[in-house]
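Data block below; observations after.
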Ligand code: SF4
Ligand code: SF4
Ligand code: SF4
C-alpha cells in the first residue's frame with residue numbers, strides 16, 4: 001500500500017500530523033488502514049474512524065484486535081502486516097457469521113410512520129446514507145448503510161431499527177471487499193469535507209429550512225425589541241401625563257412660573273414621545289415659498 005493514501009486527507013485528520021512521518025511509517029499506517037472495514041463506526045474507541053485507529057496501532061502500539069466489524073480476519077491481517085502476535089478479536093454484540101468469521105451484517109431501517117423528520121440522524125451518518133428534509137419522513141439507502149448504529153442514539157423517537165442482512169450465497173472476494181471499503185472511505189471523506197465547508201462558510205452554513213428558521217428567528221427577535229421599546233414609551237408617557245395633570249391642578253389654584261416651566265417641559269416630552277410612537281403619521285407637506293411674495 002502506497003503512502004499516497006495519506007495525502008489530501010480531510011481537515012479532521014490534520015491533528016494526526018501524518019505528513020511529518022517517515023515514508024516507512026506512512027506506508028504501514030496506509031496498509032493497516034486499507035485492511036480496516038472503513039465502517040467508521042468508532043467501536044475501536046476512535047470516534048473519528050478507521051484511520052486514527054490505524055495510526056494508533058502503528059505509532060502507539062495500540063492493540064490491533066479492537067475493530068469489531070472486522071472481527072478475527074482483520075485482527076489477524078494486521079498482526080501479519082506488523083509482525084505482531086495474533087490476538088482474539090474484540091467481542092461483538094452480533095453473532096459471528098460462520099462464512100466470513102466477521103459479525104453478521106446489519107442495516108439500519110427507519111420506521112417511516114414514526115419518523116418526525118427532526119433531521120438529527122443525518123449528520124450522525126458517516127457515509128451520508130440517510131436522506132430527508134426537516135419535518136418530513138427520512139429514509140436510509142440500505143445499499144449504502146454499513147449498520148454502524150451511529151444514527152440510533154440521536155433519534156429522539158427511537159424509530160430506527162437494525163435488521164440482519166441475509167447471509168450472501170458466496171463470500172465476498174478480496175477485490176469486492178477492497179472496492180467496497182474504498183467506496184465507504186470516499187463517502188466518509190466527502191461527508192467530512194462537506195461538514196467542514198459548511199462550518200467555514202457562515203453565509204451558507206445550514207440547509208435551506210434552517211436558514212429560513214434563522215431568518216424567522218431574527219424577525220421574531222426584532223419584533224420583540226420593537227415591543228419592548230413601545231412598552232417603555234407607553235410607561236414613560238403615562239408618567240408624564242400624571243405629572244402634567246398634577247401640575248395643571250396646582251397651577252389652576254396658584255400661579256407659579258417655575259411649575260409653569262416644568263409643565264411646558266413635560267408637555268414637550270410627551271409630544272415627542274407621541275410623535276415617535278406614530279412615525280408613519282403623514283407630516284403636513286410644506287408648501288414651497290412663493291419667492292415673489
Ligand atoms: S470499522 Fe473498525 S477500525 Fe473502523 S471505526 Fe469501526 S471499529 Fe474502528
Ligand atoms: S444509516 Fe445509520 S447505521 Fe447506516 S451507516 Fe448511516 S449511521 Fe450507520
Ligand atoms: S432522527 Fe429519527 S425522527 Fe429524526 S429524522 Fe432521523 S429517523 Fe426521523
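Worth a mention:
- Residue in segment 118-134 that is within 9 Å of ligand 3 (Cβ to nearest atom), surrounded by fewer than 18 Cβ atoms within 10 Å (Cβ to Cβ), in a loop (DSSP other than H, G, I, E, B) and modelled with pLDDT of 90 or more present: yes
- Test: residue in segment 167-187 that is under 18 Å from the mean Cα position of the chain (by Cα) and either within 15 Å of ligand 2 (Cβ to nearest atom) or under 26 Å from residue 13 (Cβ atoms) (or both): yes
- Look at segment 1-28: where a residue is in the same structural domain as residue 193 (by TED's automatic domain parsing), no partner that is part of a loop (DSSP other than H, G, I, E, B) sits 6+ places away or on another chain with Cβ atoms under 8 Å.
- Any hit, segment 102-112, residues being more than 21 Å from residue 184 (Cβ to Cβ) and not assigned by TED's automatic domain parsing to the domain that holds residue 194: no
- Hits in segment 10-54 (condition: surrounded by 17 or more Cβ atoms within 10 Å (Cβ to Cβ) and more than 26 Å from residue 174 (Cα to Cα)): 10, 12, 13, 16, 18, 21
- Within the span defined as segment 44-52, one or more residues are more than 16 Å from ligand 2 (Cβ to nearest atom) and either in contact with a helix residue (DSSP H, G or I) (Cβ under 6 Å, 6 or more places away or on another chain) or farther than 26 Å from residue 144 by Cβ (or both).
- If you go through segment 74-105 and keep only what is part of a loop (DSSP other than H, G, I, E, B) and within 34 Å of the chain's Cα centre (by Cα), you end up with 89, 90, 91, 92, 93, 94, 95, 102, 104, 105.
The values are calculated or read from the model by the stated rules, or taken from the named source; none is laboratory data. Quick caveat, the model's predicted, so the values are computed rather than measured. Heads up, the Cβs are rebuilt from the backbone with ideal geometry, glycines too, and the neighbour counts pull from every protein chain shown.
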